Amino acid sequence: MSPGLLGRTPKSLRVGLAKLVRPTPKALSAGIRGREIERLERHGKLLMLKMAGSGVWAIHLGMTGQVILAETKPKVKHVHITVGFDDDGPNLYFRDPRQFGFMAWCPDRASLEAGPLANMGPDALGMDQALFLERLSGRGGKLKSLLLDQRVLAGVGNIYADESLHRAGLNPLSRPCDLSQEQLCNLHDHLQETLNEALARGGSSVSNFVDAHGRPGTFQHAHRVYKRGGQPCPACGAPIERIVVAGRSTHFCPHCQK
Ligand SMILES: [Zn+2]
């Protein structure tokens, strides 16, 4: 049985780290307790739970946030928030080692747009080629940094950036302004393919991308470069290199991704 979140009614909120809740734990508690979750939406790494009556319970996964549904508190570090439900089913645990994620209570659409959704680029998943080109063409930043920048595209995590760059044969340090339209279109197609594959496999556990059911993903078994530094590239056999771009560990094949 997987009750997920839809149709369930929060009963309790326990916050271990108040700075992860906006505007305050008290406001979030008053907003969600006793209200059924009517609809689930996602934009990039932001989960939006529309509550019965009015208001949205927003959960932003940030860089390393994770939503876990479990009967008992997972035996892992960095679980900061616990939400219990009136059906006494699995609790929702919010875990976030790097604390860039947060939960917010948004009483209306305007507060959602001015708050958690502000400055967020269009959702990368399902984005068409024209919009992808519009967001990236001619830009002078490093390709990997731009892919991770949630203001440019929302929802591309570190693993998905590395994997799609490898599939597209593009160096993470290359700049869109030096690339042809064909190369960018090719990257678009591989990014969509990677994101869809990850979604079909339930996300990638190690990326902390967990769906609203908290199911562990199996996408990590399909990694071609991510966390495979020193191992042979599956395409050419050259050793995969690890560098740091935008503060994130980046894996690529120097032979296939010149
Ligand atoms: Zn290679």
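The values are calculated or read from the model by the stated rules, or taken from the named source; none is laboratory data. What you are looking at is a predicted structure, and each value in this text was computed from that prediction instead of being measured. Note: ideal-geometry Cβ built from the backbone for every residue, glycine included; neighbour counts use all protein chains shown.
Quick check: anything in segment 110-118 at pLDDT 90 or above and over 21 Å from Arg151 (Cα atoms)? Before you say what the answer is, go through the steps one by one.
Initial filter on segment 110-118 (at pLDDT 90 or above): 110-118.
With the extra rule that they be over 21 Å from Arg151 (Cα atoms), the set shrinks to none.
Checked segment 110-118: no residue is at pLDDT 90 or above and over 21 Å from Arg151 (Cα atoms).
So which of Asn171, Asn91 ends up being of a type in the set (S, T, N, Q), surrounded by 17 or more Cβ atoms within 10 Å (Cβ to Cβ) and in contact (Cβ under 8 Å) with a residue 40 or more places away in the chain?
Asn171
Within segment 80-103, which residues are out of contact with any Pro (no Cβ under 6 Å at 6 or more places or on another chain) and assigned to a loop (DSSP other than H, G, I, E, B)?
Answer for segment 80-103, where residues must be out of contact with any Pro (no Cβ under 6 Å at 6 or more places or on another chain) and assigned to a loop (DSSP other than H, G, I, E, B): Asp86, Asp87, Asp88, Pro90, Asp96, Pro97, Arg98, Gln99, Phe100, Gly101.
Suppose the filter is buried (at least 21 other Cβ atoms within 10 Å of the Cβ), closer than 27 Å to Gln150 by Cα and free of Cβ contacts under 8 Å to residues at least 60 places away in the same chain; does Trp105 pass it?
Answer is no for this residue.
Results for (1) farther than 30 Å from Thr9 by Cβ; (2) of a type in the set (Phe, Trp, Tyr); (3) part of a helix (DSSP H, G or I), shown as yes or no for each residue.
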position: Lys75; (1), (2), (3): no, no, no
position: Trp105; (1), (2), (3): no, yes, no
position: Leu112; (1), (2), (3): no, no, yes
position: Met127; (1), (2), (3): yes, no, no
position: Arg135; (1), (2), (3): yes, no, yes
position: Leu146; (1), (2), (3): yes, no, yes
position: Val156; (1), (2), (3): yes, no, no
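Only one of these is at pLDDT 95 or above and surrounded by 17 or more Cβ atoms within 10 Å (Cβ to Cβ): Val56, Val67. Name it. Break it down stepwise before answering.
Working: Val67 fails: at pLDDT 95 or above.
Val56 is the lone residue from the list that is at pLDDT 95 or above and surrounded by 17 or more Cβ atoms within 10 Å (Cβ to Cβ).
Might you check whether a residue that is under 15 Å from the mean Cα position of the chain (by Cα), under 19 Å from Glu113 (Cα atoms), in the same structural domain as Ala110 (by TED's automatic domain parsing) and without any contact (Cβ under 8 Å) to a residue 12 or more places away in the chain occurs anywhere in segment 56-77?
Within segment 56-77, not a single residue is under 15 Å from the mean Cα position of the chain (by Cα), under 19 Å from Glu113 (Cα atoms), in the same structural domain as Ala110 (by TED's automatic domain parsing) and without any contact (Cβ under 8 Å) to a residue 12 or more places away in the chain.
Are any of the residues in segment 129-143 of a type in the set (Gly, Ala, Ser), surrounded by 14 or more Cβ atoms within 10 Å (Cβ to Cβ) and touching a strand residue (DSSP E or B) at 6+ places or on another chain (Cβ under 6 Å)?
Scanning segment 129-143, I find no residue that is of a type in the set (Gly, Ala, Ser), surrounded by 14 or more Cβ atoms within 10 Å (Cβ to Cβ) and touching a strand residue (DSSP E or B) at 6+ places or on another chain (Cβ under 6 Å), so the answer is no.
Restricting the search to segment 97-127, which residues are charged (D, E, K, R) and in contact with a strand residue (DSSP E or B) (Cβ under 6 Å, 6 or more places away or on another chain)?
Filtering segment 97-127 down to residues charged (D, E, K, R) leaves 98, 108-109, 113, 123.
Result: Asp123, single match.
What are the residues in segment 1-54 that are assigned to a loop (DSSP other than H, G, I, E, B), among the small types (Gly, Ala, Ser) and under 16 Å from His80 (Cβ atoms), if any?
Gly16
Mind checking which residues of segment 222-258 are over 14 Å from Asn171 (Cβ atoms), in a loop (DSSP other than H, G, I, E, B) and either within 10 Å of the ligand (Cβ to nearest atom) or not assigned by TED's automatic domain parsing to the domain that holds Leu165 (or both)?
Selection gives Arg224, Pro234, Ala235, Cys236, Gly237.
Looking only at segment 223-248, how many residues end up being at pLDDT below 95, surrounded by 14 or more Cβ atoms within 10 Å (Cβ to Cβ) and within 22 Å of the chain's Cα centre (by Cα)?
Total meeting the criteria: 8.
Go through (1) among the acidic types (Asp, Glu); (2) outside any helix (DSSP H, G or I); (3) modelled with pLDDT of 95 or more one by one and return the number of the condition Asp189 breaks.
Condition (2) is where Asp189 drops out.
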